[in-house]
Amino acid sequence: MALSPGSPPNVRLRSATPADVATLERWDRQPHVIACSSDRPDLEVAFDGIDWREELADDASGITTFIAEADGRPVGVLQVCDPHTEPSHYWGEIEPGLRAIDIWIGEPNALNGGIGTAMMTQALNAAFADKTVDGVVIDPLTSNTAAHRFYQRLGFRPEGRRVFNDEDDCLVHRLTRGQWEAR
């Protein structure tokens with residue numbers, strides 16, 4: 001079911017549960033999700049074939065996973081962590097007072113309808129509601145210029161390129177509390 005053109009989606013973020021695993025696995029096989037997670041066109045699954053059951057059960061990961069529902073229908077994923085304390089040290093040496101957000105729309109017919117903007121707005125409002133959070137960082141692939149435009153429309157500013165996991169060439173962006181509040 002596609003959203004009606006021109007109608008703003010009613011988007012709600014809820015905690016992901018084990019009942020969402022099959023949906024997450026299906027979304028990870030979508031070509032547009034694979035393309036936003038890797039520059040390798042030969043992959044058949046996104047995110048290195050993440051085991052979603054384990055990911056959602058791992059309380060020590062420091063990552064909180066949300067499912068976005070548009071008008072009650074699951075359409076996307078949003079993950080939030082404190083990159084300074086996150087146990088895998090994915091972000092390396094990074095200062096405290098930040099949140100890292102990852103977002104993707106799983107349903108192809110939910111793309112470009114305002115859902116991502118609603119998801120990020122809710123996540124940014126929640127992040128900055130915590131007075132200890134000074135900024136939010138994101139790491140879209142350098143090749144994903146559509147994501148760069150999306151994040152920059154929300155106020156994020158590019159900080160520079162960085163390679164994660166020895167292969168993911170990303171253009172790191174940051175949004176400060178001041179930039180968010182001044183919008």
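Numbers for the structure displayed
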read-out	value
Residues satisfying the stated conditions in the stretch 1-26, i.e. under 14 Å from the mean Cα position of the chain (by Cα) and either at pLDDT below 90 or part of a helix (DSSP H, G or I) (or both)	L24
Any hit, the stretch 42-56, residues being more than 21 Å from D168 (Cα to Cα) and among the acidic types (D, E)	yes
Residues of the stretch 50-64 classified as farther than 13 Å from E86 by Cβ and either hydrophobic (A, V, I, L, M, F, W, C) or in a strand (DSSP E or B) (or both), total	4
Residue in the stretch 153-162 that is touching a residue at least 24 places away in the same chain (Cβ under 8 Å), over 21 Å from F47 (Cα atoms) and surrounded by 13 or more Cβ atoms within 10 Å (Cβ to Cβ) present	yes
Every residue from the stretch 135-152 that is loosely packed, with under 14 Cβ neighbours inside 10 Å and closer than 16 Å to Y90 by Cα	none
Condition broken by I103, with the remaining ones in (1) free of Cβ contacts under 8 Å to residues at least 40 places away in the same chain; (2) on the phi < 0 side of the Ramachandran plot; (3) not in a strand (DSSP E or B); (4) not hydroxyl-bearing (S, T, Y) satisfied	(3)
Residue among V75, V21 that alone is among the aliphatic types (A, V, I, L, M) and touching a strand residue (DSSP E or B) at 6+ places or on another chain (Cβ under 9 Å)	V75
Subset of the stretch 152-179 [over 18 Å from the mean Cα position of the chain (by Cα) and polar (S, T, N, Q)]	Q179
Test: residue in the stretch 44-55 that is among the charged types (D, E, K, R) and buried (at least 17 other Cβ atoms within 10 Å of the Cβ)	no
Scope the stretch 113-137; condition assigned to a loop (DSSP other than H, G, I, E, B) and either over 15 Å from the mean Cα position of the chain (by Cα) or of a type in the set (D, E, K, R) (or both); matching residues	G113, D130, K131, T132, V133, D134
Complete set of residues in the stretch 27-38 that are part of a helix (DSSP H, G or I) and surrounded by 18 or more Cβ atoms within 10 Å (Cβ to Cβ)	W27, V33, I34, C36, S37
Checking E86 against (1) surrounded by 14 or more Cβ atoms within 10 Å (Cβ to Cβ); (2) among the charged types (D, E, K, R); (3) not in a loop (DSSP other than H, G, I, E, B), the condition it does not meet	(3)
Output for the stretch 96-143, where each listed residue is touching a Leu at 6+ places or on another chain (Cβ under 8 Å), polar (S, T, N, Q) and under 23 Å from R40 (Cβ atoms)	T142
Failed item in (1) under 18 Å from T65 (Cα atoms); (2) among the charged types (D, E, K, R); (3) surrounded by fewer than 19 Cβ atoms within 10 Å (Cβ to Cβ), with R99 passing the rest	(3)
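The values are calculated or read from the model by the stated rules, or taken from the named source; none is laboratory data. Here the structure is a predicted model, which means the values were calculated and not measured. A quick note on method: Cβ atoms are made from the backbone with ideal geometry, for glycine too, and the neighbour counts reach across all protein chains shown.
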